[in-house]
Amino acid sequence: MESEFDVVGFGALNLDIIYHVNAIAGVDEESYIKSRDRINGGSAANTIIELSKLNLKNSYIGKIANDNEGETLEMNLVKNGVYLNNMIYSDKGNSGKVMGFVDDNGERALYVDSGVNDEIDISQINIKEVINSKVIHYSSFVGDSINAQIGLIDYLPKNIVLSFDPGMIYAKKGYSSIEKILERTNILLTNEKELKILFKSLNEKTSSFKDTAKYLCESGIENVIVKRGKNGVYGVSDDCEVEIDGFNVVATDTTAAGDSFNAGFLYSYLNGYSLKKSCAIANWIASKTVLKIGTTGFPSLPEIKEFEKNIP
């Protein structure tokens, strides 16, 4: 049976309230707010929306409440062409929100009010529709909805690719908390710091992030991608190892850079591109995204196609 969806996202849905500050204050420090933006967020949601802009057919597993934030999040998915047949609605509680602070260098600090995001149960998921897809893309939840992600794995046929960006939230939970997800993962998308924290138990076996990535690949994860920001990207698969240099850009906001990278990589993967080409496209997309607030800097499909022509 032909897959109905290219990618189904599964992660938190949040309305991001981003404050632009002169500096991110530490303990007993002060800074001042320069401006504010309201942005639809959630890591997997950002990735799915960007994939929809690239002419892929996508759906989303998420939960929202009957409030203004939920309506805003829902309408944003609709206007960007994401199918809502897997959306879960709650009559109680509040939709997810994130308060973020971004400094002049594009660095950030985030505070999450997860709301009904953390009330997803496996029984609420339309499994028959979810498994009719090519790729499932996971990102993190703050609370118990991770159990629904773990539970869904038992229903995934082998032909479905599981893409996973654990983020810092899951990295800090530790390997044992997400072991079942990692064992099923085909594409691991993480950054260097998260990789070090999540797999600190491997420190005795590996001496660098590259060694850790290779070890994970040898352990069964088909593609391990390490996002390194201004230092580029490192990727390893069963038969290939690539390292792509970063772009020298002045970042305005790094908040959604990783999510946009994920969209670029999955777009490339679904097009059958090589690991090197996939990493190069994803890296370039991330470098464009950080130039503007949120995901507003994400390049158009014609721009991406033009960039592809210049890849060796």
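Read-outs: derived from the displayed coordinates by stated rules, not from any lab. Just so we're clear, the structure is a prediction, and the values are computed from it rather than from any experiment. FYI the Cβ positions are ideal-geometry reconstructions off the backbone, even for glycines, and counts take in every protein chain you see.
Under 13 Å from the Cβ of Leu73, count the other residues' Cβ atoms, weight Lys and Arg +1, Asp and Glu -1, and hand me the total.
-1
Hey, fewest Cβ within 10 Å first, where do Asp165, Asp113, Asp238 land in order?
The fewest-first ordering by Cβ neighbours comes to Asp238, Asp113, Asp165.
What nm value, rounded to one decimal, do you get for the distance between Asn310 and Tyr175 when each label is placed 7 Å out toward the C-beta?
4.1
Antiparallel DSSP bridges in the chain: what percent, to the nearest 5?
45
Please compute the net charge surrounding Tyr32, taking Lys and Arg as +1 and Asp and Glu as -1 over other residues with Cβ under 15 Å from its Cβ.
-2
Could you work out how far apart the two model spin labels at Val250 and Lys193 are, taking each label as a point 7 Å from the Cα in the direction of the beta carbon, and quote it in nm?
It is 2.3 nm.
Distance check, please: which entries in Lys57/Lys214; Lys214/Lys309; Lys63/Lys134; Lys200/Lys227 exceed 28 angstrom between their Cα atoms?
Over 28 Å apart, Cα to Cα: Lys57/Lys214; Lys214/Lys309.
Hey, of (i) 138; (ii) 158; (iii) 128, which did the structure itself give for volume of the Cα convex hull per residue in Å³ when calculated?
Derived directly from the coordinates: (i).
Compute the FRET efficiency between Asn22 and Met168 as 1/(1 + (r/R0)^6), taking r as their Cβ-Cβ distance and R0 = 30 Å, and round to the nearest 0.05.
Using R0 = 30 Å, I get an efficiency of 0.80.
So if each residue of separation counts as 0.36 nm, and I subtract the Cα-Cα distance between Glu243 and Glu71, what length gain in nm does that give?
Roughly 57.8 nm would be gained on extension.
Can you work out the Karplus-derived ³J(HN,Hα) for every residue in region 127-138? Use 6.51 cos²θ - 1.76 cosθ + 1.60 with θ = phi - 60°, whole Hz, and x for glycine or proline.
4, 4, 7, 5, 6, 8, 8, 8, 9, 10, 10, 9
Stokes-Einstein D for region 10-96 at 4 °C, 1.567 mPa s, Kirkwood Rh over Cα pairs, in µm²/s?
Here the translational diffusion coefficient equals 91 µm²/s.
Counting only other residues whose beta carbon sits under 13 Å from that of Asn147, what net charge do I get with K and R as +1, D and E as -1?
Its environment carries a net charge of -3.
Taking the simple approach of a point 7 Å from Cα along Cα-to-Cβ for both Ser35 and Ser219, what is their distance in nm?
4.4
Rounded to the nearest 0.05, what FRET efficiency do Lys92 and Ser300 give with R0 = 51 Å and r taken as the Cβ-Cβ distance? Could you check?
The pair Lys92/Ser300 has a calculated efficiency of 0.80.
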